[in-house]
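J.: Just passing along the structure, written as structure tokens.
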Amino acid sequence: MNKATRKADIAGNWKMNKTPAETTALINEMKPLVAGADCDVVLCVPYVDIAAAIEAAKGSNIKIGAENVHWKESGAYTGEVSADMLTACGVEYVVIGHSERRQYFGETDQTVNLRTLAALKAGLKAIVCVGETLEQRELGYTETLLKFQTKMALTNVSKEDLKNVIIAYEPVWAIGTGVTATADQADEGNGFVRAAIAEAYGADVAETVTIQYGGSMNAKNADELTAKVNVDGGLIGGASLKAEDFSIIVKAASK
Ligand code: PGA
């Protein structure tokens, strides 16, 4: 398998945006624009918007994801949501280890791994985020860090379960900043992630894994980014809140 045979995946990450009513309106606007896409199309939405999103996306090619998941099946974990709760609502994907979770909510490589294992056990597809800060890049640690984060996130994930894992390489300095990595930087970062997977599972397996780029991907730069050999789609923040921009990115990844 290689880029030509791996299916690209464009996932929107809405972060802390949109009410249920706004969710319905935005998905209704997106549906005709992304119909017939030759890539997977996912929208990861706040927990409170999941029901509205699933209802609005019915009968379309849009799949719904959550933005986080806890690793326990149930219990005294105020404010948390389990993987089984998500699947019971019809959720198919979940974002794990987003840099905003790592930065603001104390997420660690270990909890990212636990959440990934729990999501996979419940049958969810896990979109696991990795990425270096600007300081780490300037110190020359990008490759070491991306490989470490990737391997830590995938600890005890079987080869079989890896089929349900997407890795999103998101340089922290490019998220929500309008500063996009160049296409070559994105390709290189994704290549480091693929190399880490190859070291852990073998090169053949690594070639089958979908690796997204994320960080200020937009309607203007999506063509160039998604054309790169290691970039199998994207995790889209800001531009996923605009139906037309999101659909242009979906079309770029469908080429
Ligand atoms: P951005 O966010 O596209 O707004 O930079 C990407 C992300 O955080 O996944």
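J.: Using amide H atoms built in the peptide plane, which far-off residues or other-chain residues are under 5 Å from ILE127 H to H?
T.: Amide H neighbours of ILE127: VAL94, VAL95, ILE96, ILE166.
J.: Starting at the first residue of region 98-103, write each ³J(HN,Hα) from the Karplus equation 6.51 cos²θ - 1.76 cosθ + 1.60 with θ = phi - 60°, in whole Hz, x for Gly and Pro.
T.: Couplings: 4, 4, 5, 5, 5, 6 Hz.
J.: Right, here's the next one. Okay, which of region 102-117 sit inside 14 Å, backbone N to the point 7 Å along the Cα-Cβ direction of ASN156?
T.: Residues 110-117 fall inside that zone.
J.: Let me ask something additional. Students sometimes get this wrong: rank VAL91, VAL229 by accessible area, probe 1.4 Å, all chains present, largest first.
T.: Sorted descending by solvent-accessible area, the residues read VAL229, VAL91.
J.: Let me ask you something else. Output the pairs from LYS15/LYS121; LYS58/LYS125; LYS7/LYS31; LYS31/LYS255; LYS7/LYS255; LYS18/LYS228 with a Cα-Cα distance over 22 Å in this structure; if there are none, say none.
T.: LYS15/LYS121; LYS18/LYS228
J.: Region 90-160: which GluC sites (Glu not before Pro) are DSSP loop and have at most 16 other beta-carbon atoms within 10 angstrom?
T.: Filter output for region 90-160: GLU160.
J.: Relative contact order of the chain, please, whole-number percent, based on alpha carbon pairs below 8 angstrom and at least 6 residues apart.
T.: Reported as a whole number, the value is 23 percent.
J.: Whenever you get a sec, compute what percent of the accessible area on region 9-253 sits on carbon and sulfur atoms (1.4 Å probe).
T.: Whole-percent figure for carbon plus sulfur exposure: 53.
J.: A further question follows. Taking the chain as a Gaussian network, where each spring joins two C-alpha atoms under 10 Å apart, which residue of VAL179, VAL45, VAL34 fluctuates the most?
T.: Of the options given, VAL179 has the highest mean-square fluctuation.
J.: Please compute the per residue accessible area over the chain with all protein chains in place, 1.4 Å probe, rounded to a whole number of Å².
T.: 44
J.: Moving to a separate point now. What do you get when you divide the Cα radius of gyration of the chain by 2.2 N^0.38 Å, with N the number of residues?
T.: So the chain has a normalised radius of gyration of 0.92.
J.: Fully extended, how many nm does the chain gain between ALA35 and PHE148 (0.36 nm per residue separation, minus their Cα-Cα distance)?
T.: 36.9 nm
J.: Take peptides 61-68, 163-170, 46-53 and line them up by average Cβ neighbours within 10 Å, highest first, as a rough protection proxy.
T.: Most protected by this proxy first, the peptides run 163-170, 61-68, 46-53.
J.: Still on this model: Work out the FRET efficiency for ARG6 and ALA76 from their Cβ-Cβ distance, taking R0 = 30 Å, and round it to the nearest 0.05.
T.: Efficiency, from the Cβ-Cβ distance: 0.15.
J.: OK, next. Using the Karplus curve 6.51 cos²θ - 1.76 cosθ + 1.60 with θ = phi - 60°, what ³J(HN,Hα) values do you get for each residue of region 8-14, in whole Hz, with x for Gly and Pro?
T.: Result, ordered by residue: 6, 9, 10, 10, x, 10, 6 Hz.
The values are calculated or read from the model by the stated rules, or taken from the named source; none is laboratory data. Model, not experiment: these values are computed from the prediction. When we count neighbours, we look across all protein chains shown, and the Cβ atoms used for this are built from the backbone with ideal geometry, even at glycine. Heavy atoms of the whole protein, side chains included, go into the accessibility calculation; ligands, DNA and RNA do not. Shrake-Rupley method; radii C 1.70, N 1.55, O 1.52, S 1.80 Å.
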